[in-house]
Amino acid sequence: MNLTVLGCYAATPRTITNPTAQVLEIRNRLFLIDCGEGTQVQLRKNKIRFSKINHIFISHLHGDHFYGLVGLVSTFMLLNRTNDLHIYGPKGIEEVIKLQLKLSNSWTNYGLFFHELNADKSEIIYEDDKVFVKTIPLKHRVYTNGFLFQEKVGDRKLNLDAVQNFEIDSCYYQKIKNGRDITLEDGRVIENEKLTFDPIPTKSYAFCSDTVYNEDIIPIIENADVLYHESTFLDSEEQLAHKTMHCTAKQAAKIALKANVKQLVLGHYSTRYDNINLFREEALTIFPEVLLADDGVSFEF
């Protein structure tokens, strides 16, 4: 599981920072999460192939999280894209993107599909044979969701020594990896646990931005391998965080601790601060495994 941070600062773009966008690679799937201004430039800088992005998840309709979307959709057209593109986001996202395409006479030459969200409870919005994605309802000034990306449990691993010891034909190998017991010609039943090893442990990634401190999300993200949580402010601005419905680094760490996640990644920093290391220092007073997102940084989990 690999995370590439394209942008992780709040509010307006600057020459040295970019608003929220990131790419998650999980089980050979590439997902774009949020799409602030400058996202396609950041994709190029980080050498991420546009053609591999088939699913885009937008948390909410504030500009620093989706104003780069129509530009990216248009660039896909200029690059003669043929793959379908699926966009998941709040109700209204289809209207705003299609209006811009209509008024600029820039209709796509590929399939463009919108999956609009309006539920106030967590729901699965994407699923294939390897991965599923479910929403994390957040509390912000507009309707907002985070997203939980979860690997599905894979096949069990074949214990070749055991299989060969019982002289089991290879035509049964997939059945064994699927978790089935095997009946030998003499009638003996060999339990699957004697023929296999446990599958590779699954990984999960929870993306939470933007939100006021909200413990309601804990059951959804509990035991996640990695939690990206907004930390717009430091503790000294906690009142401002509450007023604007954002979080502090310490509050993000409290969520990580209570949800028993393995690692916390901080981001969505207010540009009022000159040193983002202060966010990690504050979070470490509560939670031990803290990483700092920054533009262009990649993490391998």
Under 6 Å between Cβ atoms, at least 6 apart or on separate chains: pull out the pairs that start in segment 84-113 with a residue that is within 11 Å of Ser74 (Cα to Cα) and end on any residue that is among the polar types (S, T, N, Q).
-> Ser106/Ser74; Tyr110/Thr82
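Going by the conditions given, is Leu103 closer than 28 Å to Ile16 by Cα and open to solvent by 30 Å² or more (accessible area, probe 1.4 Å)?
On the way: closer than 28 Å to Ile16 by Cα: no; open to solvent by 30 Å² or more (accessible area, probe 1.4 Å): yes.
Spelling it out, it is not the case that Leu103 is closer than 28 Å to Ile16 by Cα and open to solvent by 30 Å² or more (accessible area, probe 1.4 Å).
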So which strands (runs of 3 or more DSSP E) are wholly in segment 72-175 and hold at least 1 residues that are of a type in the set (D, E, K, R) and over 30 Å from Glu191 (Cα atoms)?
-> 112-117, 124-127, 131-138
What's the number of the condition Phe279 fails, among (1) part of a helix (DSSP H, G or I); (2) open to solvent by less than 50 Å² (accessible area, probe 1.4 Å); (3) farther than 15 Å from Val5 by Cβ?
-> (3)
For Glu230, indicate whether it is under 18 Å from Phe57 (Cα atoms) and modelled with pLDDT of 95 or more.
-> yes
If a residue has to be closer than 17 Å to His140 by Cα and either buried (at least 17 other Cβ atoms within 10 Å of the Cβ) or touching a strand residue (DSSP E or B) at 6+ places or on another chain (Cβ under 9 Å) (or both) to count, how many in segment 243-257 make the cut?
-> 9
Which ones in segment 71-95 are among the hydrophobic types (A, V, I, L, M, F, W, C) and open to solvent by less than 30 Å² (accessible area, probe 1.4 Å)?
-> Leu72, Val73, Phe76, Leu85, Ile87, Ile93
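Considering segment 175-213 alone, what residues qualify as being of a type in the set (Asp, Glu) and loosely packed, with under 11 Cβ neighbours inside 10 Å? Steps first, answer last, please.
As a first pass, look at segment 175-213 and keep what is of a type in the set (Asp, Glu): 181, 185-186, 191, 193, 198, 210.
Those that are of a type in the set (Asp, Glu) and loosely packed, with under 11 Cβ neighbours inside 10 Å: Glu185, Asp186, Glu191, Asp198.
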Condition broken by Lys194, with the remaining ones in (1) in contact with a helix residue (DSSP H, G or I) (Cβ under 8 Å, 6 or more places away or on another chain); (2) basic (Lys, Arg); (3) over 30 Å from Val163 (Cβ atoms) satisfied | (3)
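The values are calculated or read from the model by the stated rules, or taken from the named source; none is laboratory data. Remember, predicted model here, so these are calculated numbers, not experimental data. Every residue, glycine among them, receives a Cβ derived from its backbone with ideal geometry; neighbour counts consider all protein chains shown. Note: accessible area is taken over every heavy atom of the protein model, side chains too, but ligands, DNA and RNA are not part of it. Shrake-Rupley method; radii C 1.70, N 1.55, O 1.52, S 1.80 Å.
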